[in-house]
Amino acid sequence: MQRATHTALCSWSEFVGPAMIRQCLRCRVPKQLSSRAYSVVPTPRDSEEKDMLHRILRVDHAGEYGANRIYAGQMAVLARSRSGPLIQEMWDQEKKHLEKFNELLAENRVRPTALLPLWNIAGFVLGASTALLGKEGAMACTVAVEESISEHYNSQIRALMEKDPERYTELLNVIKEFRDDEMDHHDTGLEHDAETLPGYWLLKNAIQLGCKAAIYVSQRI
Ligand SMILES: [Fe+2]
Ligand SMILES: [Fe+2]
């Protein structure tokens, strides 16, 4: 039988054959399954592992969501300043981080934290209010938050490495990559005069206390 040429009008069947490929319903063109077929998160072996993985994905998603809202708040104030492009650059990376965790939550059927509406507002207010102190305020906020997120990612990396580095290789790669980005953001903040803000240490400690609390509750609620 003559096969039709595959076109945009063709559709992919949901059938997953033994060779793990999808075929077009009309022309039988095989389609390699995208990354959805192979998640970076292994299928949990038991409820304990499931809880652990879900906690990790939920809190990381919450963190990236919050980070996005902080940068949105900073940009609302400083977009037209000389720091605008620099903040935008960091925000763009946060958007990619969030996109990845959105994807991982969906793939693994993990519900996001119930506190997203709170992080939506709190993140924006934190970003905007520190940016109102000027570029140095925004950068101080960035240093505080990014240091907290890097430490948080580092503790996850340690925990996963202790459990089974091979089993979690893919997930570890994602977390390590993001951790490196967060450390770059932290360093950028320091390079752009974060520490010259009057009351820098006080502000930094206060923000980091908030980050710790946010991490604690986002894992659980
Ligand atoms: Fe991030
Ligand atoms: Fe970041």
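Just one residue in the set GLU177, GLU146, GLU136 is at pLDDT 90 or above, within 16 Å of ligand 1 (Cβ to nearest atom), within 21 Å of ALA122 (Cα to Cα) and in the same structural domain as LEU86 (by TED's automatic domain parsing); that residue is GLU146. Checking each residue in segment 194-209 for being at pLDDT 90 or above and surrounded by fewer than 16 Cβ atoms within 10 Å (Cβ to Cβ) picks out THR196, PRO198, GLY199, TRP201, LEU202, ASN205, ALA206, LEU209. Picking from residues in segment 87-119 that are more than 16 Å from ligand 1 (Cβ to nearest atom) and part of a helix (DSSP H, G or I), the one that is nearest to LEU172 (Cα to Cα) is GLU107. Screening segment 155-190 for residues that are among the charged types (D, E, K, R) and outside any helix (DSSP H, G or I) and picking the one that is surrounded by the most Cβ atoms within 10 Å (Cβ to Cβ) gives ARG167. Residues that are more than 13 Å from ligand 2 (Cβ to nearest atom) and within 18 Å of the chain's Cα centre (by Cα) within segment 133-157 comprise ASN154, SER155, GLN156, ILE157, listed in sequence order.
In segment 46-68, what residues are acidic (Asp, Glu) and within 16 Å of ligand 2 (Cβ to nearest atom)?
ASP60, GLU64
Take the conditions within 16 Å of ligand 2 (Cβ to nearest atom) and part of a helix (DSSP H, G or I) and apply them to GLN219. Does it pass?
So GLN219 fails the test.
For ARG111, the conditions (1) within 16 Å of the chain's Cα centre (by Cα); (2) within 11 Å of TYR65 (Cα to Cα); (3) surrounded by fewer than 16 Cβ atoms within 10 Å (Cβ to Cβ) all hold with the exception of (2).
The values are calculated or read from the model by the stated rules, or taken from the named source; none is laboratory data. Keep in mind the model is a prediction, meaning the values are calculated, not measured. Positions of Cβ are backbone-derived with ideal geometry, glycine not excepted, and every protein chain shown enters the neighbour counts.
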